[in-house]
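K.L.:
Have a look at this one.
Only the coordinates and a few stated rules stand behind these numbers; no lab work does. Keep in mind the model is a prediction, meaning the values are calculated, not measured. FYI the Cβ positions are ideal-geometry reconstructions off the backbone, even for glycines, and counts take in every protein chain you see.
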Amino acid sequence: MYTEIELWDLMWSGMLATSGFFLAWAFLLWVSLRAANIAGDSDNMISKVAVTAFCLVVVWQINMLVGQVEWIVNGISGAFVALQSQGTEISSGALEMIAVANPGAAYNYMPDVVNGIFILAILVMQITTIWMKK
């Protein structure tokens, strides 16, 4: 079994890897908003459909990243619970993480309320820019 410090290190390694993907998708989010603005000014239906598809992929991937962060936190929290159940004393930070997470929960595609509002706001900004008249 891991020690607490190894679990924290494992969590931050996962978060660091996820942050690299987030930076890439944040850039592509910017690209999608620019493309949406350009397609919205055009009468070209093919470009509007293509940019809409691109925007949906970007939003889906951001949703996947949000789920991955939650999954990492839940997995490490579950490991803290297992460590504690073996009689190991864990820190107050680990106890707090257990309290706010869902220890050991499976990967979930459905974001929580705050992340869901964020993702829907992105989607509304993209789609309305493409399809609504200015």
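K.L.:
Does PHE27 satisfy the condition of being part of a helix (DSSP H, G or I) and in contact with a Leu (Cβ under 9 Å, 6 or more places away or on another chain)?
P.N.:
no
K.L.:
Among what's in the stretch 73-116 and is assigned to a loop (DSSP other than H, G, I, E, B) and of a type in the set (A, V, I, L, M), pick the residue that is surrounded by the most Cβ atoms within 10 Å (Cβ to Cβ).
P.N.:
ALA101
K.L.:
Which of the following residues is surrounded by 17 or more Cβ atoms within 10 Å (Cβ to Cβ) and over 23 Å from THR3 (Cβ atoms): ILE119, ILE62?
P.N.:
On the way: ILE119 fails: surrounded by 17 or more Cβ atoms within 10 Å (Cβ to Cβ).
Criteria check complete, one pass: ILE62.
K.L.:
Please identify the pairs in which a residue from the stretch 121-134 that is in contact (Cβ under 8 Å) with a residue 40 or more places away in the chain has its Cβ atom under 9 Å from the Cβ atom of a residue that is part of a loop (DSSP other than H, G, I, E, B) and surrounded by fewer than 17 Cβ atoms within 10 Å (Cβ to Cβ), counting only partners at least 6 apart or on another chain.
P.N.:
LYS134/ASP41
K.L.:
Sort out which residues of the stretch 1-46 are more than 30 Å from PRO103 (Cβ to Cβ) and within 21 Å of the chain's Cα centre (by Cα), and write them in order of number. If you could, list the steps in order and put the result at the bottom.
P.N.:
Taking the stretch 1-46 first, the residues more than 30 Å from PRO103 (Cβ to Cβ) are 27-46.
Answer for the stretch 1-46, where residues must be more than 30 Å from PRO103 (Cβ to Cβ) and within 21 Å of the chain's Cα centre (by Cα): PHE27, LEU28, LEU29, TRP30, VAL31, SER32, LEU33.
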